Amino acid sequence: MPEFPTLQTERLILRAFQMDDAPAVDKYVSEKAIAATTLNIPHPYTQEMAEEWIGTHKEAFENGLAVRFAITLGDSGKLLGAIGLEITAAHERAEIGYWIGKPHWGKGYCTEAAIAVLKHGFDSIGLERIFATHFRRNPASGRVMQKAGMKHEGRLRHHIKKWGGFEDLEMYSILRSNTERNR
């Protein structure tokens, strides 16, 4: 069984979530603004939900279905958010997803983490394609994707229903060949 990876960037350490991260996850994800811009985070959110979510990570990693990282500050270890890959091994692809606690928005942490996770997906997991979507009304998430080198592929109109309303999704992706040309 491979050991869970730890990734390091200039300012961040991406590591496995621990159960003692649950209070911070609850604090950040309980913000309605976080739930409003993500597909799978409900509102309200509780610490029990955070513990349950963290409890799914080990098995998903061991089965090759996902790798989910805690985004932490390298100097203090403070939890900032989450980023991960949901893997479809048969097609050598994964979907990248992320959230950052509201107090840490606009500081480039998510882009820095995304670049590291994309590299890990291609170099260590051997993926061919990594894709992502964001709600059309959340262009900041699209800017993270663009800065990480992902290309816009199109819009999926009324593709998701969130809180009783339909949402358009913007689709982005990056291929292994795109990253190899930039090295």
Quiz item: Does L127 satisfy the condition of being assigned to a strand (DSSP E or B), surrounded by 14 or more Cβ atoms within 10 Å (Cβ to Cβ) and of a type outside the set (G, A, S)?
Solution: no
Practice problem: Just give me the residues in region 18-35 being in contact (Cβ under 8 Å) with a residue 12 or more places away in the chain and either touching a Cys at 6+ places or on another chain (Cβ under 7 Å) or of a type in the set (G, A, S) (or both), in sequence order. | Solution: A22, A24, S30, A33
Quiz item: What pairs come up if the first residue lies in region 59-88 and is touching a residue at least 40 places away in the same chain (Cβ under 8 Å), the second is exposed (fewer than 14 other Cβ atoms within 10 Å of the Cβ), and their beta carbons are under 7 Å apart, counting only those six or more places apart or on different chains?
Solution: E62/M1; T72/K78; G74/Q8; I87/G64
Practice problem: Quickly run through region 1-31 and pick out the residues that are surrounded by 12 or more Cβ atoms within 10 Å (Cβ to Cβ) and either on the phi > 0 side of the Ramachandran plot or in a helix (DSSP H, G or I) (or both). | Solution: D21, A22, P23, A24, V25, D26, K27, Y28, V29
Practice problem: Return the total of residues in region 1-44 being closer than 20 Å to L169 by Cβ and of a type in the set (G, A, S). | Solution: 3
Quiz prompt | Members of region 69-96 that are part of a strand (DSSP E or B), of a type outside the set (A, V, I, L, M) and either out of contact with any Leu (no Cβ under 8 Å at 6 or more places or on another chain) or modelled with pLDDT under 95 (or both) | solution = G81, G84, T88
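The values are calculated or read from the model by the stated rules, or taken from the named source; none is laboratory data. Just so we're clear, the structure is a prediction, and the values are computed from it rather than from any experiment. For neighbour counting, all protein chains shown are included, and Cβ atoms are generated from backbone atoms with ideal geometry for every residue, glycine included.
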